[in-house]
1. I need a count of the residues in the stretch 206-219 that are crowded, with 20+ Cβ neighbours inside 10 Å and touching a residue at least 40 places away in the same chain (Cβ under 8 Å).
2. When you look at residue 195, is it within 16 Å of the ligand (Cβ to nearest atom), in contact with a strand residue (DSSP E or B) (Cβ under 7 Å, 6 or more places away or on another chain) and touching a residue at least 24 places away in the same chain (Cβ under 8 Å), yes or no?
3. Looking at 285, 341, 281, 296, which one is free of Cβ contacts under 8 Å to residues at least 24 places away in the same chain and within 21 Å of the chain's Cα centre (by Cα)?
4. Looking only at the stretch 170-181, how many residues end up being touching a strand residue (DSSP E or B) at 6+ places or on another chain (Cβ under 9 Å) and more than 9 Å from residue 149 (Cα to Cα)?
5. List every residue pair whose Cβ atoms lie under 9 Å apart, where the two residues are 6 or more positions apart in sequence or sit on different chains, the first residue falls within the stretch 164-183 and is in contact (Cβ under 8 Å) with a residue 40 or more places away in the chain and within 26 Å of residue 116 (Cβ to Cβ), and the second residue, located anywhere, is away from the ligand (no atom under 15 Å from the Cβ) and part of a loop (DSSP other than H, G, I, E, B).
6. Determine which member of the set 232, 227 is part of a loop (DSSP other than H, G, I, E, B), over 30 Å from residue 72 (Cα atoms) and at pLDDT 95 or above.
7. In the stretch 323-337, is there at least one residue being touching a residue at least 60 places away in the same chain (Cβ under 8 Å) and closer than 25 Å to residue 258 by Cβ?
Ligand code: ADP
C-alpha cells in the first residue's frame, strides 16, 4: 500500500489562486508537502505552500520542470499545457484528474460532444470556426435567434460568452472558434460537486443554487437548495453519470440549468475545486478540498452531510477602485454570529476581482440570507 500522507510526499498544484491556497491548507492538515506553480510569486497560495516555482503553466518546459520536482500533480485551473502533462504521464508521473479528461474539458466544443456521446442532457449546439461563419449561419436562418455563443477555449466568469437575442446583437459576437447553443429559459442555476476516488467510490456534495451579478460572477451561493427533491435527485444522477463516464479520479464541478419546465441541463464542468464549493469548508463534514485529497490519495471519501445551512458570497473588488487593497467593515461583520470571512491575500484590488469570500452559517437559509445581505452592505473591498 502506498503511503502518500507523509511530509516526504510532494503534491504539485498547478496555479496558486484561492482554490490552490485552500487546497494547500487542507493538505497541510495531513502533513503533505505542497508545491505551487504560478506566474505570480505573490499569489494567494504562495504564503502557505511548502515550495513555490514561478513560471507559466502554459509553457511546456516549465510544466515539465515542475513535474519533475513533485510526486503527484493536480491543478486548480484548466488552462495548462496538455502536451507537457501528456509527456509527464507517459513517464509515469501520477496526474489527477487525468490529462485526457483535462484535454476534453479545456475545449467547450469537445465538452459538448462528450455530453452528446454519453447521453448527458445539455442544450443543443453547433460548432463554428469563426465569427464570419456564425454571422452567415444566422443570416441564412441555419441557427435561429435567440442563441448563446461560447468561445471554445479560454473563457471564464462569463468572459467568452455572448448572448445573441436578435439580428442587431450579431455585432456583439466574439471572434474565434466557438459553439452556438440554444438559449435556455433559466429558472435556477445550480451546481453539484462530485468526487470519485481511484477505486471508483463516488459521492456528491449537496446541490447548491447560484445567483449571479451583473458581471456574470456568482454573487450568492445557497446550500442546501430548496428545489424539488426530484430535481435534486436528477442533478445528482447527472453528476454521478458524468464523473463515471470520464472515469475521473478527483473532483468534478457540474454547473447546470434548471429551466422553466423544471428540466435539468448541463451547462459546463470543471475538473477541480470550484467557487461553488467554498462553503463546504464550514458547512459540510468534509470540505471539497479534503475530498479532492481523499480521492487522489485513494482514501475512502468523506461524509458530505451538511452541518448547517449556508449562504456564500464572493467578496469582489468594488467597481470604482483599483490599487492596494483595503477592507472596510471587517469588525462589524465579525460580530455577526455564523459569519466566516476568508481573505485570499491578493495585494491589489480591481473592479470585480475575487478578493475573498464569506460563508454565513445559520439555522435556516432565510436567516443566512438576511445575514449575508448585511455582510454585503457592510463589507467592502476598496483601495487606499
Ligand atoms: P463561464 O465559463 O465563463 O462561466 P458559462 O458557460 O458558465 O461561462 O456561461 C456564463 C453564464 O451565461 C451562465 O452562468 C448563464 O447565466 C449564461 N448562459 C450560458 N449558456 C446559456 C444558455 N445556453 N442559455 C441561457 N443562458 C446561458
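The values are calculated or read from the model by the stated rules, or taken from the named source; none is laboratory data. All of these numbers come straight from a predicted model, not from anything done at the bench. Note: ideal-geometry Cβ built from the backbone for every residue, glycine included; neighbour counts use all protein chains shown.
1. Of the residues in the stretch 206-219, 4 are crowded, with 20+ Cβ neighbours inside 10 Å and touching a residue at least 40 places away in the same chain (Cβ under 8 Å).
2. Against the criterion (within 16 Å of the ligand (Cβ to nearest atom), in contact with a strand residue (DSSP E or B) (Cβ under 7 Å, 6 or more places away or on another chain) and touching a residue at least 24 places away in the same chain (Cβ under 8 Å)), residue 195 does not qualify.
3. Being free of Cβ contacts under 8 Å to residues at least 24 places away in the same chain and within 21 Å of the chain's Cα centre (by Cα) holds for just one of 285, 341, 281, 296, which is 285.
4. 5
5. Taking only residues 6 or more apart or on different chains, the pairs are 175/130; 176/129; 176/130; 177/129; 177/130; 178/129; 178/130.
6. After ruling out the rest, the residue left standing is 227.
7. So far as the stretch 323-337 goes, no, none of its residues is touching a residue at least 60 places away in the same chain (Cβ under 8 Å) and closer than 25 Å to residue 258 by Cβ.
Yes/no matrix, rows are residues, columns are (1) modelled with pLDDT under 95; (2) over 27 Å from residue 59 (Cβ atoms):
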| site | (1), (2) |
| --- | --- |
| 85 | no, no |
| 92 | no, no |
| 98 | no, no |
| 105 | no, no |
| 129 | no, no |
| 142 | yes, yes |
| 150 | no, no |
| 156 | yes, no |
